[in-house]
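Asker: Here it is, the structure in full.
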Amino acid sequence: MPSGPGTIKQWWYRWKSLRLPWRKTWLCGSDLAGNTFWEFKDAMNANRVRRIVRYNPRAHYADVKMAPQWIQWLRHTRYDPPSISEQQLDEIRQHQMKELAAAADQRWASKPSALDPPSKQQPLLPLRPRDPAGDAPQTEPEHREGVRNMAASHDEVVKSVEGEDVDKGRFKGETREPPWKGEKAAPQEEYKSWTPSAAKRRS
């Protein structure tokens with residue numbers, strides 16, 4: 001943090017700040033960077049004073065920075081010029097705010113973000129089929145299979161080659177009833193298509 005002016009410069013500032021009758025310009029204050037702020041009478045209006053700043057001659061124009069309090073004073077939005085102690089307290093406040101902001105950024109960076117990719121993939125739950133019978137193995141008849149089962153008997157292979165039907169039961173789908181057919185109430189019951197009869201003409 002920059003310190004205030006030295007002892008000799010402070011006495012010189014006090015001398016320049018005296019509003020003597022023969023003076024046209026007098027010093028109002030300085031900032032921590034060495035810039036001085038002055039007031040002088042307006043040539044067009046004697047009841048009005050104008051305010052200017054004289055930058056530190058040792059500083060480059062690109063490096064010149066002014067405190068917000070002095071900017072308010074130059075624009076006549078502040079009546080009293082800021083003191084050295086007020087400017088030092090403002091510098092301490094800004095330094096503390098930067099430290100608190102850096103600490104807050106560090107805390108936020110240490111927490112996991114929702115935008116980060118997950119480190120471990122969650123296992124997907126198996127979806128239950130709507131039809132439990134849909135996962136049952138569907139096998140073709142023996143004469144359609146390209147590869148014979150090694151566990152089949154020799155007689156079954158011979159009959160299949162000769163063209164005879166080999167009933168493997170419900171495991172091969174030969175004698176399995178279609179799932180849409182329910183149990184019959186009577187042996188002679190058969191499903192027939194419905195044919196509507198002609199409507200009778202009313203007299």
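The values are calculated or read from the model by the stated rules, or taken from the named source; none is laboratory data. Here the structure is a predicted model, which means the values were calculated and not measured. With ideal geometry, Cβ positions are generated from the backbone for all residues, glycine too; neighbour counts draw on all protein chains shown.
Asker: Just to be sure, is Pro81 in contact with a strand residue (DSSP E or B) (Cβ under 6 Å, 6 or more places away or on another chain) and assigned to a loop (DSSP other than H, G, I, E, B)? Walk me through how you get there before you give the answer.
Answerer: Values: in contact with a strand residue (DSSP E or B) (Cβ under 6 Å, 6 or more places away or on another chain): yes; assigned to a loop (DSSP other than H, G, I, E, B): yes.
When the stated conditions are applied, Pro81 passes them.
Asker: Looking at this structure, is Val53 without any contact (Cβ under 8 Å) to a residue 40 or more places away in the chain, at negative phi and touching a strand residue (DSSP E or B) at 6+ places or on another chain (Cβ under 8 Å)?
Answerer: Working: without any contact (Cβ under 8 Å) to a residue 40 or more places away in the chain: yes; at negative phi: yes; touching a strand residue (DSSP E or B) at 6+ places or on another chain (Cβ under 8 Å): yes.
For Val53, the condition - without any contact (Cβ under 8 Å) to a residue 40 or more places away in the chain, at negative phi and touching a strand residue (DSSP E or B) at 6+ places or on another chain (Cβ under 8 Å) - is met.
Asker: Give Met1, Met44 a once-over and let me know the one that is in contact with a helix residue (DSSP H, G or I) (Cβ under 7 Å, 6 or more places away or on another chain) and either modelled with pLDDT under 85 or more than 24 Å from Thr77 (Cβ to Cβ) (or both).
Answerer: After ruling out the rest, the residue left standing is Met1.
Asker: So, one more: Can you tell me which residue among Trp73, Trp12 is free of Cβ contacts under 8 Å to residues at least 60 places away in the same chain, of a type in the set (A, V, I, L, M, F, W, C) and under 19 Å from Glu91 (Cα atoms)? Reasoning before the result, please.
Answerer: Details: Trp12 fails: under 19 Å from Glu91 (Cα atoms).
Unique residue meeting the criteria: Trp73.
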